[in-house]
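The values are calculated or read from the model by the stated rules, or taken from the named source; none is laboratory data. The shown structure was predicted, so the numbers you read here are calculated from the model rather than taken from an experiment. With ideal geometry, Cβ positions are generated from the backbone for all residues, glycine too; neighbour counts draw on all protein chains shown.
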Amino acid sequence: DQQVKQNSPSLSVQEGRISILNCDYTNSMFDYFLWYKKYPAEGPTFLISISSIKDKNEDGRFTVFLNKSAKHLSLHIVPSQPGDSAVYFCAASEGATGAGSYQLTFGKGTKLSVIP
Amino acid sequence: ETGVTQTPRHLVMGMTNKKSLKCEQHLGHNAMYWYKQSAKKPLELMFVYSLEERVENNSVPSRFSPECPNSSHLFLHLHTLQPEDSALYLCASSQGIAGGPSQETQYFGPGTRLLVL
C-alpha cells in the first residue's frame, strides 16, 4: 500500500514554461513534506520542504504548495530550465520515530524533461 | 551537496562473497540511514541509526548487516547476497535532535551501484 503516490511517471515541458509536479498521500499523520531531485548515477538532492502548518513555501524558482484537506502537494518550477531535467521524488515524514531520527516515505518519482 | 560520501561507487560481487559498503557524513548529523533503490520502485528504508543506536530495521534479511561505529560513519556488511539484491544503495543523514522541522531533512550520498552475479 503506497502512502505517497506520484501518479505521473514522466512530464515534458518547454523551456521557460512552468513545470508542475504532483504528489498525493494517504497518511494523515504526515506532518512534513520534501521534494528531492535526482540525476542519473547520483543520490537524491534535497530541493525544498514544507511543514504541515504552512500551505506554501517558496525558494527562488521553486514553490511547494500543500493542500492538507485534499492530501495533495505540488512542486512548481518557474521558469523551467533544461538543467531541471531530472527525476523528482516527493517524500513525507510523520515526525520523530526514535531518538531524533525520522523515517521518510518516498513516492516512485516523476521524470521531468525540459525541452530547449 | 558533498556532505555525505559513499564508497565504493560501484561493486560487483558473487553470491558467496563478503563485502562492505561505507558511508561517511561530514555534516555533524546524529542520524544515519540506509536505503535500497530498485528499478521502478520507491526508495525503501532499510536501517536507521540515531546517536549510534539502531532504531529501525525494516524487515531486512540477515544477509545485510549494518554497523555504526560512531555518528559520522555507517557501514553495510554484505554476505551471501542474491541476484535480486542488485540495486542502488543509498546512505543518508539528518540532523536529529535539534528542534524544528528542518531536522527531518535527510541528505543523501551518491549511492553504491551493486550488482550481484
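Before moving on, here are some points about what is shown:
- Residue within the range A:7-28 that is among the aromatic types (Phe, Trp, Tyr), under 18 Å from residue B:94 (Cβ atoms), within 14 Å of another protein chain (Cβ to nearest Cβ) and buried (at least 17 other Cβ atoms within 10 Å of the Cβ) present: no
- Residues being of a type in the set (A, V, I, L, M, F, W, C) and either touching a helix residue (DSSP H, G or I) at 6+ places or on another chain (Cβ under 8 Å) or not in a strand (DSSP E or B) (or both) - total across the range B:46-63: 2
- Test result for residue B:49, surrounded by 15 or more Cβ atoms within 10 Å (Cβ to Cβ), facing chain A (nearest Cβ under 10 Å) and free of Cβ contacts under 8 Å to residues at least 40 places away in the same chain: yes
- Test result for residue B:32, surrounded by 19 or more Cβ atoms within 10 Å (Cβ to Cβ), in contact with a Ser or Thr (Cβ under 7 Å, 6 or more places away or on another chain) and more than 8 Å from chain A (Cβ to nearest Cβ): yes
- Among residues that are polar (S, T, N, Q), under 30 Å from residue B:23 (Cα atoms) and in contact (Cβ under 8 Å) with a residue 12 or more places away in the chain, residue A:10 is not included.
- Residues of the range B:6-37 classified as among the charged types (D, E, K, R) and under 12 Å from residue B:111 (Cα atoms), total: 4
- The set of residues in the range B:52-75 that are at positive phi and either of a type in the set (Val, Ile, Thr) or within 11 Å of chain A (Cβ to nearest Cβ) (or both) contains only B:52.
- Among (1) touching a residue at least 24 places away in the same chain (Cβ under 8 Å); (2) among the polar types (S, T, N, Q); (3) away from chain B (no Cβ under 14 Å); (4) surrounded by 15 or more Cβ atoms within 10 Å (Cβ to Cβ), the one test that residue A:113 misses: (4)
- Total residues in the range B:1-27, condition closer than 21 Å to residue B:48 by Cβ, in contact (Cβ under 8 Å) with a residue 60 or more places away in the chain, not in a strand (DSSP E or B) and not charged (D, E, K, R): 2
- Some residue of the range A:46-67 being exposed (fewer than 13 other Cβ atoms within 10 Å of the Cβ) and among the polar types (S, T, N, Q): yes
- Selection status of residue B:53, over 28 Å from residue A:90 (Cβ atoms), among the acidic types (Asp, Glu) and at pLDDT 90 or above: no
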